[in-house]
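The values are calculated or read from the model by the stated rules, or taken from the named source; none is laboratory data. The shown structure was predicted, so the numbers you read here are calculated from the model rather than taken from an experiment. Using ideal geometry, Cβ is built from the backbone for each residue, glycine included, and neighbour counts are taken over all protein chains shown.
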């Protein structure tokens with residue numbers, strides 16, 4: 001995953017945690033729920049990026065093997 005994408009995903013999770021805590025402290029259930037959603041969204045994006053990167057790595061491994069077999 002790109003460093004920028006990873007940072008964005010982690011930031012979204014951190015903002016979500018802050019919103020959730022602030023919502024808990026202030027008794028604002030809507031803010032608390034928004035924070036939980038932000039955290040889940042950041043985690044889902046991070047997992048998606050990880051899967052994409054693993055797939056790209058697997059494709060590159062196959063290409064490398066094929067290239068090695070040709071020589």
Discussion item. Condition check: in a helix (DSSP H, G or I) and exposed (fewer than 15 other Cβ atoms within 10 Å of the Cβ). Does residue 30 satisfy that?
Written reply: yes
Worksheet item: Among 68, 64, which is the only one that is exposed (fewer than 10 other Cβ atoms within 10 Å of the Cβ) and either over 20 Å from residue 2 (Cα atoms) or modelled with pLDDT of 95 or more (or both)?
Response: 68
